[in-house]
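Asks: After the C-alpha cells below, expect a handful of questions from me.
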Amino acid sequence: MKYVDEFRDPKLIERAADEIKRLADPSRQYRIMEVCGGHTHSIYRFGLQDLLPKNIELIHGPGCPVCVLPMGRVDDGLKLAQDPGVILAAFGDMMRVPGQMGTPLEMKARGADIRMVYSPLDALKLAEKNPERQVIFFAIGFETTAPSTALTLMRAKKMGIENFTVFCNHVTIVPAMRAILDSPDMRLDGFIGPGHVSTVIGCRPYEFAVKEYGKPVVTSGFEPLDLLQSMVMLLRQMNEGRAQVENQYERVVPWDGNRAALAAMAQVFELRPYFEWRGLGFISQSALKLRPEYAQWDTEARFAVEGVRVTDPKAAQCGEVLKGVLKPQQCKLFGKECTPERPVGALMVSSEGACAAYYNYVHRAELVSGD
C-alpha cells in the first residue's frame, strides 16, 4: 500500500534509529517538541520513544484543539444547549470534555438536545431538517478544520438557511508556538512541525521560529519512519549549527499551503484580538471569528453568550502538560482520579491528548507487566 507500508518498513525504521543514535552527541541534551497531538499518539503507539537515545527528550506540545479549549468555552456551549429550541452539534472529541457544568454527554443525558456530527455539513443538514429549531455547530480545531467550517458557512449563506449558526472556537498554531518559545520556564532545541495543520497553511509560517528564535522546524508525517526521519533532519541541523524550516512531509504538505482552503478561510474569518487557551492564558490574535458579513450565522452575534471564565480544577495540571513543563504521568491525578473513563481534564479525553496517549500505550502496558 503506497505511503503506509513503506513508512512502517522494519529495516528502514532500524536504519533511521541507528542514524539518530549516530547523530546524537552524547555530551549534550536534545529537547524536541512535537507540536501535534497526532504525533504524540504515533510516538507512543509505535513505541518510538524506546528507539531513541536517553539524551533525546520529546516534549509534548499544545497541538490538540480540544485540549487547549478553556472550560469556560465548554460551559458557554452547554448553556446554549439548555434552550429547548436549540440543537447543539459537536464533534465526537467534544462529547466527553468536562466543563464546570459537566460534559456534553452528561448534559444530553439530562435532556439537552446535543448531537454528535462528523462534519460541519452534517450540522447544516440538521438545520435543513429541523427548520423550527436553531442548530448551533460547536466549531473547534486549528487551521486543519477551519476550511470545512468556512465552506459550510458559505453554503449556508448561499442557501439562505437562517436557523444555523457557528459557535467559533477555531485557533491558530503559530501564536501558540510563539507563546511557548517566549515562556521563561521552557527550553527547546527544535520542533517537529504539525502535519495536518501544515496541509492547509504550508511550511512558510514557521519561518518566524528560525528568524526570531534560531530554532529549526521539520514538518513531519505521522508514520513511524516519518517521525524518525524528521528527528534525523533536526539532529543534522543542530549538529551543523543550522536552523531552517524543512518539509519531511512533502508527499502531502505544499510549501505555501492549500491556497483554495486559505482563500475560503480569508473570506469567512478574521482574527480575534485575543483568545484564552487552556494552560497558556490569553494569546493575542490566536483565534478566528466570523467576519461581519457572516454575523447572521455567528452564534456569538445572534445569542447571548456569557463568555464564562472557569479555572481548571486545582489538582489537575493540564496547563503544565500542555506547555511541556510536565509529562502526563507527572500530574497528580493521572491514572487515579483522572482516567479515560472518568476524565478530569481534556487531555485524557481527546484522540490527540498527550495524557490519553500515555495512558493507552504506556501506562496500561506497565500495569500489565507490573512495572
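Read-outs throughout are calculated quantities, based only on the coordinates presented, and are distinct from any laboratory measurement. Fair warning: this is a prediction, and the values are worked out from it, not measured in the lab. Glycine also receives a Cβ, built like all others from the backbone with ideal geometry; neighbour counts cover every protein chain displayed.
Asks: Using mean projected area of the Cα convex hull in nm² as the read-out, say which of [x] 29.5; [y] 19.3; [z] 17.8 was calculated from these coordinates.
Replies: [y]
Asks: Charges at C-beta only: +1 for Lys and Arg, -1 for Asp and Glu. How large is the resulting dipole of the stretch 1-144 about its Cα centre, in Debye rounded to 20?
Replies: That gives a dipole near 160 debye.
Asks: Tell me, what HN-Hα J-couplings in whole Hz come from the Karplus equation 6.51 cos²θ - 1.76 cosθ + 1.60 at θ = phi - 60° for each residue of the stretch 327-335, using x for Gly and Pro?
Replies: 7, x, 5, 7, 5, 4, 8, 4, x
Asks: Cross-link candidates for residue 158: which lysines have Cα within less than 22 Å, leaving aside residues fewer than 8 places away along the same chain?
Replies: Here the lysines satisfying the reach criterion relative to residue 158 are 125, 129, 289.
Asks: Also, I was wondering about something else. Residue separation times 0.36 nm, minus the C-alpha to C-alpha distance between residue 21 and residue 339: what's the value?
Replies: Details: separation 318, 0.36 × 318 = 114.48 nm, distance 3.46 nm.
Gain on extension, residue 21 to residue 339, equals 111.0 nm.
Asks: Relative to the longest principal Cα axis of the chain, at what angle does helix 173-182 sit, 0 to 90 degrees, rounded to 10?
Replies: The angle comes out near 50 degrees.
Asks: Compute the helix-to-body angle for 120-129: its Cα long axis versus the longest principal axis of the chain, expressed 0 to 90° and rounded to tens.
Replies: 20
Asks: A follow-up question, please. In the stretch 48-87, which residues have a backbone nitrogen under 16 Å from the label point lying 7 Å from residue 330's Cα in the Cα-to-Cβ direction?
Replies: Flagged as within label range: 55-62.
Asks: Here's another thing I want to ask about it. Relative to the longest principal axis of the chain, what angle (0 to 90°, nearest 10) does the C-alpha long axis of helix 224-240 take?
Replies: For helix 224-240, the angle is close to 60 degrees.
Asks: Given points 7 Å out from each Cα along the Cα-Cβ axis, report the residue 239 to residue 211 separation in nanometres with one decimal.
Replies: Label-label distance for residue 239 and residue 211, simple model: 3.0 nm.
Asks: Here's a follow-up. To the nearest 20 debye, what charge dipole does the chain have about its Cα centre, counting +1 at the Cβ of each Lys and Arg and -1 at the Cβ of each Asp and Glu?
Replies: With Lys and Arg at +1 and Asp and Glu at -1, about 200 debye.
Asks: Anything over 31 Å Cα to Cα? Flag those among 157/211; 54/323; 79/327; 21/215; 21/323, in the order listed. All intermediate terms of the calculation are to be shown ahead of the outcome.
Replies: Details: 157/211 41 Å; 54/323 21 Å; 79/327 33 Å; 21/215 21 Å; 21/323 27 Å.
In this structure, 157/211; 79/327 lie more than 31 Å apart at Cα.
Asks: Rounded to the nearest 0.05, what FRET efficiency is calculated for residue 128 and residue 304 with R0 set to 30 Å and r the Cβ-Cβ distance? Walk me through the intermediate numbers first.
Replies: Values: r = 25 Å, r/R0 = 0.84.
About 0.75, to the nearest 0.05.
Asks: Amide H to amide H under 5 Å from residue 57: which residues, 5+ apart in sequence or cross-chain, H placed 1.01 Å off N in plane?
Replies: Under 5 Å from the amide H of residue 57: 30, 31, 32.
Asks: Residue 204 to residue 100: FRET efficiency via 1/(1 + (r/R0)^6), r the Cβ-Cβ distance, R0 41 Å, to the nearest 0.05?
Replies: On the way: r = 40 Å, r/R0 = 0.97.
E(calc), rounded to 0.05, equals 0.55.
Asks: For residue 256 paired with residue 31, estimate the spin-label separation in nm (one decimal), with each label point 7 Å from Cα along the Cα-to-Cβ line.
Replies: Placing both labels 7 Å along Cα→Cβ, they lie 3.7 nm apart.
Asks: Let me ask another. Round to a whole angstrom and tell me the spacing of the C-alpha centers of the stretch 119-198 and the stretch 282-342.
Replies: 14
Asks: Check which residues have an amide H placed less than 5 Å from residue 298's amide H, if you skip close sequence neighbours.
Replies: Answer set, sorted by chain and number: 166.
Asks: Can you work out ³J(HN,Hα) from phi for every residue in the stretch 42-55, in order, using Karplus 6.51 cos²θ - 1.76 cosθ + 1.60 and θ = phi - 60°, giving whole Hz and x for Gly and Pro?
Replies: Each residue's phi maps through the Karplus curve to give 5, 4, 6, 4, 9, x, 5, 4, 6, 8, 8, x, 5, 8 Hz.
Asks: Would you tally the net charge around residue 278, using a Cβ to Cβ cut-off of less than 15 Å, leaving residue 278 out, and scoring K and R as +1, D and E as -1?
Replies: -3
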